[in-house]
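The values are calculated or read from the model by the stated rules, or taken from the named source; none is laboratory data. Note that this is a predicted model, so its numbers are computed, not measured. Positions of Cβ are backbone-derived with ideal geometry, glycine not excepted, and every protein chain shown enters the neighbour counts. Accessible surface is based on the protein model in full, side chains and every heavy atom, while ligands, DNA and RNA are left aside. Shrake-Rupley method; radii C 1.70, N 1.55, O 1.52, S 1.80 Å.
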Amino acid sequence: MTSIAAAFSSLSWPGRVGYALAALLAVYMAINTARALIQPEAFAAYLGAPLHDPRDIGFVLVYAFRAAFFAIFVGALVLRGDVGTLRLLALIGLVMPLGDAWLTWRHGGGEAFAIRHLIVAGVLLLTWFLLGLRARTI
């Protein structure tokens, strides 16, 4: 197990940017967790899948707990300095925003919502790429 400082100092500047993006993604998921739990109806609309019945918040709560898991897991990897696993998770995590974009588009949520999910996918892909440049260059 390495520390944040050790992991960060072993990275090239692009790797440091990727590491910072991973940390920001953990914060983003934590914020989404809170928003989905506090105002599920509003969060469903934010996702591009407004609820037809405000009492039907089940899928939003599923999203909230999924987001909480990833916020905690990514945060733990950042704290441990586990760059290799962060990189792998960024690549595997593409399933979620790509799936969200497809579902939003398929259910008529609007192009802007699908694009927002695709931007999240782009950030994950960029994080994966930058963390791959982790070897310190001279």
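Is there a residue being charged (D, E, K, R) and touching a Phe, Trp or Tyr at 6+ places or on another chain (Cβ under 6 Å) anywhere in the stretch 83-104? Yes, some residue in the stretch 83-104 is charged (D, E, K, R) and touching a Phe, Trp or Tyr at 6+ places or on another chain (Cβ under 6 Å). If I filter the stretch 87-95 for residues that are at pLDDT below 95, out of contact with any Gly (no Cβ under 8 Å at 6 or more places or on another chain), among the hydrophobic types (A, V, I, L, M, F, W, C) and on the phi < 0 side of the Ramachandran plot, do I get at least one hit? There is no residue in the stretch 87-95 that is at pLDDT below 95, out of contact with any Gly (no Cβ under 8 Å at 6 or more places or on another chain), among the hydrophobic types (A, V, I, L, M, F, W, C) and on the phi < 0 side of the Ramachandran plot.
Yes or no, residue by residue, for (1) aromatic (F, W, Y); (2) under 23 Å from A67 (Cβ atoms); (3) without any contact (Cβ under 8 Å) to a residue 24 or more places away in the chain; (4) in contact with a helix residue (DSSP H, G or I) (Cβ under 8 Å, 6 or more places away or on another chain):
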residue	(1), (2), (3), (4)
I4	no, yes, no, yes
S12	no, no, no, no
L25	no, yes, no, yes
I38	no, yes, yes, no
F43	yes, yes, yes, yes
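Taking the criterion of being among the β-branched types (V, I, T) and surrounded by 13 or more Cβ atoms within 10 Å (Cβ to Cβ), the residues of the stretch 113-138 that qualify are I115, V120, V123, T127.
If the condition is being closer than 16 Å to A26 by Cα and not β-branched (V, I, T), then the stretch 85-116 contributes L86, R87, L88, L89, A90, L91, G93, L94, M96, P97. Pairing each residue of the stretch 56-67 that is closer than 14 Å to M96 by Cβ with any residue that is among the polar types (S, T, N, Q), provided the two are 6+ apart or on different chains, yields C-beta distances under 8 Å for Y63/N32; A64/N32; A64/T33; F65/T33; A67/N32; A67/T33.
Count of the stretch 63-94 residues, restricted to those that are of a type in the set (S, T, Y) and open to solvent by less than 40 Å² (accessible area, probe 1.4 Å), is 1. Listed here are the helices (runs of 4 or more DSSP H) enclosed by the stretch 1-62 that have at least 1 residues being open to solvent by less than 50 Å² (accessible area, probe 1.4 Å) and β-branched (V, I, T): 13-38. Entry remark, the stretch 102-120: residues being touching a helix residue (DSSP H, G or I) at 6+ places or on another chain (Cβ under 6 Å) and under 21 Å from F65 (Cβ atoms) number 3 in total.
Taken over the stretch 95-112, residues that are part of a helix (DSSP H, G or I) and crowded, with 18+ Cβ neighbours inside 10 Å amount to 5.
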